[in-house]
1. Sort the following peptides by mean Cβ neighbour count (other Cβ atoms within 10 Å, averaged over residues), highest first: 99-109, 62-72.
2. Along its principal axes, what span do the Cα atoms of region 83-123 show, with the longest given first and each in whole Å?
3. What is the diffusion coefficient of region 33-118 in µm²/s, taking the Kirkwood radius over Cα pairs and the Stokes-Einstein relation at 37 °C with a viscosity of 0.692 mPa s?
Amino acid sequence: MKKKFKYILAGSLLLLFVDLTITACTKDKVKPAPIDSTCTDTISFTNDILPIMQNNCTSCHNASNTSGGYDLSNYSGVTQNTGKVYGSILQDGSASSMPQGSNKIADSLIQKVNCWINQGAKNN
Ligand code: HEC
């Protein structure tokens, strides 16, 4: 009887631990992205947006491998559908979530793409 009680106690503690771990991970994931349309800096395609594409996207989206029909290695490719490009990195369900098979890119980078589009998606 005493032994059984020990097992129950150990089991409960284990469940509590697992539960706390899961809660901690879930909390990390639902942290809201600080994406807003307040854009104080002017975002440059060449200096800000193209490097984001080169670091995260052009391995699959380039001139010889246009996954999903997107060559993201140049201005015309990125601007062929800025709404889809933004939706894909925001992962809001309006497009396939990108980068495929990797973590979401940093919020600060998503914010830059958002600002660049709001500023007219210029070839600057
Ligand atoms: C590991 C390869 C890979 C990487 C890296 C990658 N993509 Fe994709 N992407 C794909 C494939 C494959 C498709 C076509 C299938 C699909 O839509 O899921 C695609 C489709 C897309 C589409 C079309 C989605 C739609 O719903 O029509 C967009 C936009 C896109 N990618 C943007 C990006 C952006 C922006 C990045 C970088 C942040 C990126 N991708 C990184 C492989 C990749």
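Values in this text are rule-based calculations from the coordinates and carry no lab data. From a predicted model like this one, the values you see are computed outputs, not experimental measurements. Here Cβ is always computed from backbone atoms with ideal geometry, including for glycine, and neighbour counts include all displayed protein chains.
1. Values: 99-109: 12.7, 62-72: 14.5.
Result, highest mean Cβ count within 10 Å first: 62-72, 99-109.
2. Per principal axis, max minus min of the Cα coordinates gives 29, 19, 16 Å.
3. 254 µm²/s
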